[in-house]
Amino acid sequence: MALVTAGVVVLDCAEPEKLAAFYRELIEAEETDATANRVEIRGADGIRMAFRRDVMATPPSWPRPENSLQVHLDFQVTDLDEMERRIVGLGGRPIETNDPASPFEERGYADPSGHSFTLRLLPQTTPKQG
C-alpha cells in the first residue's frame with residue numbers, strides 16, 4: 001500500500017483567497033478546503049492546488065536571476081489565445097508570449113502574486129491527410 005496517497009501543489013502568497021480565486025477560474029476548479037491561512041482547490045481532472053498565507057512572501061523575479069524561480073507550473077491547453085484572454089481578465093500578465101517555431105507552442109505568464117506558469121498547446125491529434 002502506498003504511503004503517499006495524494007499530492008498538492010502549494011503556493012505561498014500574501015493573499016491566498018485572491019490567488020485561489022484566480023486559479024479556481026483559470027482551471028475551472030472548485031474550492032475543497034479553506035482555513036484562515038490556506039485555501040485548497042481541485043480541478044475536474046483531479047489537479048489539486050493550495051495557497052498558503054505567508055505575509056513575508058515576495059513575488060519571484062523570473063526571468064531575472066535574483067529571487068527567480070520558486071515554483072513553475074505547466075498547463076496544457078487547446079487554445080493559447082483564448083486562455084491568454086482569460087488569464088489577463090483574471091489579473092494575470094504575460095511574461096513570454098512569443099510562439100516558438102516548434103510543435104510545442106508555449107507561452108509564459110505570471111499569476112497576480114507573481115508566480116510563473118506556462119501554457120503549452122496540446123499537439124493536434126487529427127490524422128494526416130493524403
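The values are calculated or read from the model by the stated rules, or taken from the named source; none is laboratory data. All figures in this text were calculated on a predicted structure; none of them were measured in a lab. We place every Cβ from the backbone using ideal geometry, glycine too, and count neighbours over all the protein chains shown. The protein model used for the area step is the full one, side chains on, heavy atoms only, and it has no ligands, DNA or RNA in it. Shrake-Rupley method; radii C 1.70, N 1.55, O 1.52, S 1.80 Å.
Checking the conditions here, which among Glu96, Glu31, Glu25, Glu17 is closer than 19 Å to Arg120 by Cα, open to solvent by 80 Å² or more (accessible area, probe 1.4 Å) and modelled with pLDDT of 95 or more? Please lay out each step first, then the result.
Numbers: Glu96 fails: modelled with pLDDT of 95 or more; Glu31 fails: closer than 19 Å to Arg120 by Cα; Glu17 fails: closer than 19 Å to Arg120 by Cα.
On inspection, the qualifying residue turns out to be Glu25.
Residues to consider are Gly108, Gly91; find the one that is part of a loop (DSSP other than H, G, I, E, B), modelled with pLDDT of 85 or more and farther than 20 Å from Val8 by Cβ.
Details: Gly108 fails: part of a loop (DSSP other than H, G, I, E, B).
None of the other options fit; the residue is Gly91.
For segment 40-60, which residues satisfy the criterion of being of a type outside the set (D, E, K, R) and either surrounded by 14 or more Cβ atoms within 10 Å (Cβ to Cβ) or modelled with pLDDT of 95 or more (or both)?
Kept after step one, since they are of a type outside the set (D, E, K, R), are these residues of segment 40-60: 41, 43-44, 46-47, 49-51, 55-60.
Passing the criteria: Ile41, Gly43, Ile47, Met49, Ala50, Phe51, Ala57, Pro59, Pro60.
Could you grab me the full set of residues in segment 12-56 that are part of a loop (DSSP other than H, G, I, E, B) and free of Cβ contacts under 8 Å to residues at least 40 places away in the same chain? Before you say what the answer is, go through the steps one by one.
Taking segment 12-56 first, the residues part of a loop (DSSP other than H, G, I, E, B) are 14-15, 27-28, 35-37, 44-47, 54-56.
Scanning segment 12-56 gives Glu28, Thr35, Ala36, Asn37, Ala44, Asp45, Gly46, Ile47, Met56.
Condition (residue is within 15 Å of Phe117 (Cβ to Cβ) and at pLDDT below 80) applied to segment 5-12: is it met by at least one residue?
Scanning segment 5-12 turns up no residue that is within 15 Å of Phe117 (Cβ to Cβ) and at pLDDT below 80.
Look through segment 119-130, keep the residues that are in a strand (DSSP E or B) and either acidic (Asp, Glu) or modelled with pLDDT under 85 (or both), and return whichever of them is most open to solvent (accessible area, probe 1.4 Å). Let's see the steps before the verdict.
Filtering segment 119-130 for residues in a strand (DSSP E or B) gives 119-121.
Now restrict to residues that are either acidic (Asp, Glu) or modelled with pLDDT under 85 (or both): 120-121.
On the way: Arg120: 69, Leu121: 37 Å².
Of everything passing the filter in segment 119-130, Arg120 is most open to solvent (accessible area, probe 1.4 Å).
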